[in-house]
1. Report the far tail of the P(r) of region 10-159, meaning the percent of Cα-Cα pairs longer than 28 Å.
2. Filter Lys232/Lys387; Lys203/Lys514; Lys203/Lys517; Lys321/Lys387 down to the pairs with a C-alpha to C-alpha distance above 20 Å, please.
3. Can you divide the C-alpha Rg of region 133-216 by 2.2 N^0.38 Å and report the result to two decimal places?
4. Using the alpha carbons of region 75-129, what is the convex hull volume per residue in cubic angstrom, as a whole number?
5. Nearest 5 percent is fine: what portion of the DSSP beta bridges confined to the chain is antiparallel?
6. Quote the accessible area belonging to Ile69 in square angstrom, nearest 10, computed with a 1.4 Å probe and with ligands, DNA and RNA left uncounted.
7. Using the Cα centre as the reference, give the magnitude of the dipole from point charges on the C-beta atoms of region 236-319 (Lys, Arg: +1; Asp, Glu: -1; all else neutral), rounded to the nearest 20 debye.
8. Can you check what the Kirkwood hydrodynamic radius comes to for region 394-482, Cα pairs only, in Å to one decimal?
Amino acid sequence: MSELISTSRLKELFDRRGWLAIASGILIALSFPNPSLSFLAWVALIPLLIAMEESSPRTAFRVGLTCGISAYAFILYWLNIVFTQYGHLPWSVSIPVYLLLVLWLALFYGLSTSIARLGELVGIKAAFSLPVAWVAFDFIRSFLFSGFAWAMLGHSQFRTLPLIQIADLAGVYGITLLIVLANIVLHRALRAVSGADVPYPVKSALILLLLLLGTLFYGFNRLNSSDTPHSKPLRVALIQGNIPQDVKWSPAFREYTLNTYERLTRDASRGGVDLIVWPESAVPFFFQDEPLQAERIRSLARETNACLLFGSPAHELRNGKSTFLNSAFMVSPRGDTIGRADKLHLVPFGEYVPLGSVLTFINKIVVGIGDFAPGERAVALDTGNTKLGVQVCYEVIFPELARQYVQAGARVLVAITNDAWFGRSSAPYQHLAISTFRAIETRTPLIRAANTGVTAIVDQNGHIRTMTALFVEAYRTGEVQPGSGRSLYLTIGDAPAWLSVLLTAGVALLVWIKRKKITP
């Protein structure tokens, strides 16, 4: 143990390589909202690549890990707002939990750089192995142990519309691969220009150029094409109630909450709308069990002559036991309940405790009604003119769920969320940035209603047509053209990401075989 914390160890951790890795992590963080300096992603890895030069695989892992820690420490700083202000955890607990998650995500950076360095030692160029490994480990962390598909490099480019249209071919992973390859080419070019005894990266630069030209050609072509069906546009009104989180579930504020949503809904629907959307848990009671309060909502749907979609907790019997769900109900213009969509991917330690029968000493961070259970399947809700795929809060970061809804018939994606947990931080903007990729991947527009913001309308090309500010009462209205339900991603899903996993495993296997031949 004394060796681990010795002065020499500390010096090793913060040597030149370490500071270069930290610099890369900071540049990566700055490319995300906020401040969303997306161009930095294209050069952010150059300090890391310098740190990897002539390193051992173990050192490559260490600098990759250091880069990941510095990146996610800045990107996810807002977790401490969730843990302390709303989860009521002391800082002595919040900081270690936050650092554990940061370390977990950083491990995948370290694995990517170590695989790339191992490949170099047996003759596999980093221009191939690092982009592929980076994508592979990004994909693995998106589902491993429930998954956390947050802040992948490609997400930083959410406003560069011509570039990100290839998400309907390879998901966000295609953009990530281009970014990593561009960093490698620039690093090698800088090394060659500086007089180092390394050749110019002619082949990899040509490959990068062809990929970028192809990507931009495809992107501009997609942006200028109109392959959406000529069906009737859906007139939508998205309501942002701005209900403070600390009073949201208080019975004393129930009347205030309903009055707020009724007032904003009437204002938003004056010009006539087809669909009104309230955020996650906008109705702070069991809609199923409160007939008097439920009638107010039904009457509002009749008054506005529109479908009304809203978040509310739900319950049902499963195997003879009462099960709680985080759900969205839809009421028809006649006031009838015509559908319910249940959240499929729950937040660990927020909506349920993993291994709850074992970890009995751990309480949920989010104090609510009880442990929630996931929905059983993706159910598209039918407005009569088009079908909706409703994703509740956190689950919009998982592309496979949007794919399931569109395959179930949805032609408009609806994200309802309560981002009040994030406070006035970068998180709501990061959340929005990630969700825009769901529209491109499935070629399906996405409308987003958030309790405290950001409420937005995103078209099928990922263009944010309108959005609100944070922590204001607001609404947004607009016409949404239902999507085509056609894209390569809908057909093949994450096959390109799985290919990256196989190629990465192939690199590791080749390294093992060659090293075994060398070892007597």
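1. Numbers: 2107 of 11175 pairs.
Across region 10-159, Cα pairs with separations above 28 Å total 19 percent.
2. Working: Lys232/Lys387 13 Å; Lys203/Lys514 25 Å; Lys203/Lys517 30 Å; Lys321/Lys387 31 Å.
Correct reply: Lys203/Lys514; Lys203/Lys517; Lys321/Lys387.
3. That works out to 1.26 for region 133-216.
4. 66
5. 65
6. Approximately 70 Å² of Ile69 is accessible to the 1.4 Å probe.
7. The calculated dipole for region 236-319 is roughly 140 debye.
8. For region 394-482, inverting the mean 1/r across all distinct Cα pairs yields 12.9 Å.
The values are calculated or read from the model by the stated rules, or taken from the named source; none is laboratory data. Worth saying up front: this structure is predicted, and the values here are computed from it rather than measured. Every residue, glycine among them, receives a Cβ derived from its backbone with ideal geometry; neighbour counts consider all protein chains shown. For the accessible areas, the whole protein counts, side chains as well, though only heavy atoms, and no ligand, DNA or RNA atoms are used. Shrake-Rupley method; radii C 1.70, N 1.55, O 1.52, S 1.80 Å.
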